[in-house]
């Protein structure tokens, strides 16, 4: 997948285009200086293909580059992190 994750601050979400007109999204809210990731969506026709890992990795990379930290309230993001502990520096607390 060549697309890059982008932050849409207006809608408080991260977006990754996966096909024309379709995107994976991860919603967040701000809590102090932290990003609380609370819900991830992948269109149903793309579930089970590992596509969710691409936005998760992209989000963690964006947060790392910006010096921000995440609080994981989304089960998918928590599961991704459990398998990718090299992102420990991106997690708050």
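No value in this document is a laboratory result; all are computed from the given coordinates. If you're wondering where the values come from, they're calculated on a predicted model, not measured in any experiment. Here the Cβ is made from the backbone with ideal geometry for all residues, glycine too, and neighbour counts use every protein chain on show.
One entry in (i) 6.0; (ii) 11.0; (iii) 7.6 is mean projected area of the Cα convex hull in nm² calculated from the shown coordinates; its label is (i). Its DSSP H runs of at least 4 residues, each contributing -39,500 (n - 2.57), put the calculated 222 nm mean residue ellipticity of the chain at -7000 deg cm²/dmol, to the nearest 500. Counting neighbouring beta carbons within 10 Å and listing from fewest to most, the residues 23, 77 come out as 23, 77.
Here each label is just a point 7 Å from Cα along the line to Cβ, and for residue 29 and residue 41 those points are 1.7 nm apart. With contacts taken as Cα pairs under 8 Å and at least 6 residues apart, the chain reaches a relative contact order of 23 percent.
From least to most packed, judged by other beta carbons within 10 angstrom and beginning with the fewest, 47, 25, 40 follow the order 47, 25, 40. Listed from fewest to most Cβ neighbours within 10 Å, the set 69, 6 follows the order 6, 69. Over what distance in Å are the Cα centres of the stretch 36-93 and the stretch 1-23 separated? Here the answer is 14 Å between Cα centres.
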